[in-house]
Amino acid sequence: MTIIGLKNIIKLMKKVLIPEGLVKKGFLKNFKEMFDEIIQARELIIRLFIRDFLARYKQSFLGITWIIIMPIIVINSFIFMNKSGILNIGNTSVPYPVFALLGLTIYQIFSTGLVATTNSLVNAGSMIIKINFPKESLIISSMAHSIFDFIIRVFLLILVFIFFKVVPSYKSIIFPFLIIPLVLLTIGLGFILSLLNCIARDTTNAVSLLTSFLLFITPVLYPEPKGILKIFTKYNIISPLINAPREIVINGYISKPDEYIIASLISIFIFLFCWRIFHLVEPKIAERV
Amino acid sequence: MEDTMIKFVDVSKKFVKNLRKSMYYGVKDVAKNIFGIPARTEILRNDEFWALDDVSFELKKGKTLGVIGPNGAGKTTILKLIAGILYPDKGKVEVDGKVGSLIEIGAGFHPNLTGRENIYVNGAILGMSKKEIDRKINDIIEFADIGDFINSPVKYYSAGMYVRLGFSIAVHSDPDILLVDEVLAVGDEEFQRKCVKKIKEMLKKNISLVLVSHNLTLVGGMCEEVILLSNGKVIKKGKPEEVISYYISSLEKETKNIVYASHGSIKITKDAEIMDGKILNKEGKEIYTINAGEEITFNFKVKFNESIENPIFGIIIKNENGEIVYGINSNWKYIKTGIFEKGEVAKVEFVQRMTLIDGIYYVSPAVSHHDGLIMCDWKENILKFKVISPVKLIGFANLCSEIHIHRNGK
């Protein structure tokens, strides 16, 4: 290593802390700093993910099977309600369990991710007030859990597809890319909600209420509704974000690509906006958590 | 300057006393930040107080700084500002280099993970890469010295083992600046010695150290400069001996603590009674904390209830373990005290140089006569005092050593 290289490292390490220093910095400079920080923290993110993963399943007999128990129960109760005529779901192009489980699996990226990210800062409270590290890593590693759970649920999904002899479209290979906006939206909201949770613990309860409520007003377990519910779903950006990937798998096309694109752009905007707020507020987290 | 590692320029930090207010201010400040409105952190609002007030200092490469002061003085806040956990509300903090913080080590340990797994997590939090940890893990485990427990979940660890592991990870993260906060108080003496040795080794490699401790001997022994904080303000800054002795003298009022205890089965006649005792310094001021080597006076008043011929006045000094460190009486000094009449009150002074090692001591004065066969009064542990020495010593006596080293046999 040359001496110049060494000097650069030292220069990188120098930190100057002044009140509201971040606010005074330029807009783009901030974004560059934010990206650099995430890249520097990648190993920490992986470690935190492994730590929480091990911790979650070490003292448990059923282990990761818990991930698929919840969707199985929800789907079965809907099938039961559908068959007994309590709830009329209407016609779906593929057998209902396939349709619903696919939708629910996508929706759960959002719901489990939102709950996990919201609680991530508060759960790490003692660490935050004692050690300085990029707090974004907590949010991102929490989101990684939601994505890991999703991958496990995909295996359940494959079994259900085989069982009902449904052949997914070959276009399903772009499925992983189509869920990216939903992931970004979740992280974005997670940034803000985790901050709110530091200030007021009401957020935890509000978020779990919100995710179960959203499940009912979003066409996840039922196809696009008519009547009063339609008004709800029209302005619900989560609905195209879930429907588009599902349609690709089942039908091989997206029926309303314009809605999906608008929802995606809004999600990306929310993600960047919330990330920036998180970054600005980050130095204050240790005081309030 | 090139080699300035830490620089505080008029740094202030405020905290809120009230939880509700904290929530309210939190929302307000965040909202202001989002819209780019300055939150005016330099102004104190209701229920806020300055935890640090206009603190300035500088720490150069390879130097050591001690921070002392009563609880709540803002010592840990300084460390948290250096570590970047907190941001200043006024002033500027400059930190140049990787900070290794021993503020409550073991933070981030997950109770269900084994020691080995936690090394990786904690190492990553402290900024080590996996490769780096792979390389150092054996050193870390060896230094922590917790045996087979390394493969058990840390929730089964004793408090000491927890700290040993945490300390070991922190010191192996190769910091440029090491922050140490009272952690050495945990763990047994052997481990404490090991830690101090390790820190001293690291100091040789030109790292800088900030040490926060109530152990004034440790601070005096390790630091080249000491800051005394009180209520968030720097009261005194300078050489360790000066600052520590200043701190001690300001503490004296608080240490007053007279202890009465029983004195065994010796028959006390109460022919004479010890009324009260004081420790006076050279200026005749009452003190409770003594600098090692200082000349002081134990002053007792004795009231005679009967007339007594040639009473003997003595004292015994015991350490905290109840071991007798020193004893003297007027008889052994061949002092013929003469006759004291009934009702007379005598003032007895013992003047001596306190060449003791640091610690807590108790004084038991006694009055006897007939060559010590009849005990008039014996007040066990009537006085308590504390000896502080700027250097670390062990044993009972302070022999005031000077150490000369002549190289090449000259």
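Results, tabulated for the structure shown:
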item: Hits in the range B:99-119 (condition: at the interface with chain A (Cβ under 7 Å from one of its Cβ atoms) and either of a type in the set (S, T, N, Q) or under 12 Å from residue B:8 (Cα atoms) (or both)); result: B:101, B:112
item: Search result, residues across the range B:222-244 that are out of contact with any Cys (no Cβ under 6 Å at 6 or more places or on another chain) and crowded, with 19+ Cβ neighbours inside 10 Å; result: B:222, B:223, B:226, B:227, B:228, B:229, B:232, B:234, B:243, B:244
item: Count of residues meeting criterion [more than 10 Å from every other protein chain (Cβ to nearest Cβ), out of contact with any Lys or Arg (no Cβ under 7 Å at 6 or more places or on another chain) and open to solvent by 10 Å² or more (accessible area, probe 1.4 Å)] in the range B:3-18; result: 2
item: Boolean, residue B:347 is in a strand (DSSP E or B) and under 30 Å from residue B:190 (Cα atoms); result: no
item: Residues being modelled with pLDDT of 80 or more and closer than 16 Å to residue A:258 by Cα - total across the range A:219-245; result: 11
item: Options B:281, B:321; residue that is open to solvent by less than 80 Å² (accessible area, probe 1.4 Å) and out of contact with any helix residue (DSSP H, G or I) (no Cβ under 7 Å at 6 or more places or on another chain); result: B:281
item: Residue within the range A:226-240 that is surrounded by 15 or more Cβ atoms within 10 Å (Cβ to Cβ), within 14 Å of another protein chain (Cβ to nearest Cβ) and part of a loop (DSSP other than H, G, I, E, B) present; result: no
item: Scope the range A:42-70; condition more than 9 Å from chain B (Cβ to nearest Cβ) and not in a helix (DSSP H, G or I); matching residues; result: A:60, A:61, A:62
item: Qualifying positions in the range B:331-358 - under 24 Å from residue B:294 (Cα atoms) and surrounded by fewer than 18 Cβ atoms within 10 Å (Cβ to Cβ); result: B:332, B:333, B:347, B:349, B:351, B:352, B:353, B:355
item: Members of the range A:198-225 that are open to solvent by 40 Å² or more (accessible area, probe 1.4 Å), of a type in the set (Ser, Thr, Tyr) and closer than 15 Å to residue A:74 by Cα; result: A:212
item: Residue list for the range B:291-313, filter: out of contact with any Lys or Arg (no Cβ under 7 Å at 6 or more places or on another chain) and open to solvent by less than 10 Å² (accessible area, probe 1.4 Å); result: B:296, B:298, B:300, B:302, B:308, B:311
item: The range B:115-163: number of residues that are in contact with an Asp or Glu (Cβ under 8 Å, 6 or more places away or on another chain) and farther than 21 Å from residue A:132 by Cα; result: 1
item: Filtered residues of the range A:74-114 (kept if under 24 Å from the mean Cα position of the chain (by Cα) and open to solvent by 50 Å² or more (accessible area, probe 1.4 Å)); result: none
item: Test: residue in the range A:260-270 that is over 24 Å from residue B:36 (Cα atoms), without any contact (Cβ under 8 Å) to a residue 12 or more places away in the chain and surrounded by 14 or more Cβ atoms within 10 Å (Cβ to Cβ); result: yes
item: Residue within the range B:151-168 that is modelled with pLDDT under 85, outside any helix (DSSP H, G or I) and surrounded by fewer than 16 Cβ atoms within 10 Å (Cβ to Cβ) present; result: no
item: Flag if residue B:91 is among the small types (Gly, Ala, Ser), more than 7 Å from every other protein chain (Cβ to nearest Cβ) and closer than 14 Å to residue B:140 by Cα; result: no
item: Failed criterion for residue B:122 (all others in (1) buried (at least 22 other Cβ atoms within 10 Å of the Cβ); (2) facing chain A (nearest Cβ under 7 Å) hold); result: (2)
item: Residue under evaluation residue B:96, criteria (1) open to solvent by 50 Å² or more (accessible area, probe 1.4 Å); (2) at the interface with chain A (Cβ under 8 Å from one of its Cβ atoms), criterion not met; result: (1)
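So that you can scan it fast, the table gives a plain yes or no per residue for (1) touching a strand residue (DSSP E or B) at 6+ places or on another chain (Cβ under 6 Å); (2) modelled with pLDDT under 85; (3) open to solvent by 10 Å² or more (accessible area, probe 1.4 Å):
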site: B:24; (1), (2), (3): no, yes, yes
site: B:38; (1), (2), (3): no, yes, yes
site: B:62; (1), (2), (3): no, no, yes
site: B:81; (1), (2), (3): yes, no, no
site: B:85; (1), (2), (3): no, no, no
site: B:88; (1), (2), (3): yes, no, no
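The values are calculated or read from the model by the stated rules, or taken from the named source; none is laboratory data. All values reported here derive from a predicted model rather than from experimental measurement. Cβ atoms come from the backbone with ideal geometry, glycine included; neighbour counts cover every protein chain shown. All accessible areas refer to the heavy atoms of the entire protein, side chains included, with ligands and DNA or RNA removed. Shrake-Rupley method; radii C 1.70, N 1.55, O 1.52, S 1.80 Å.
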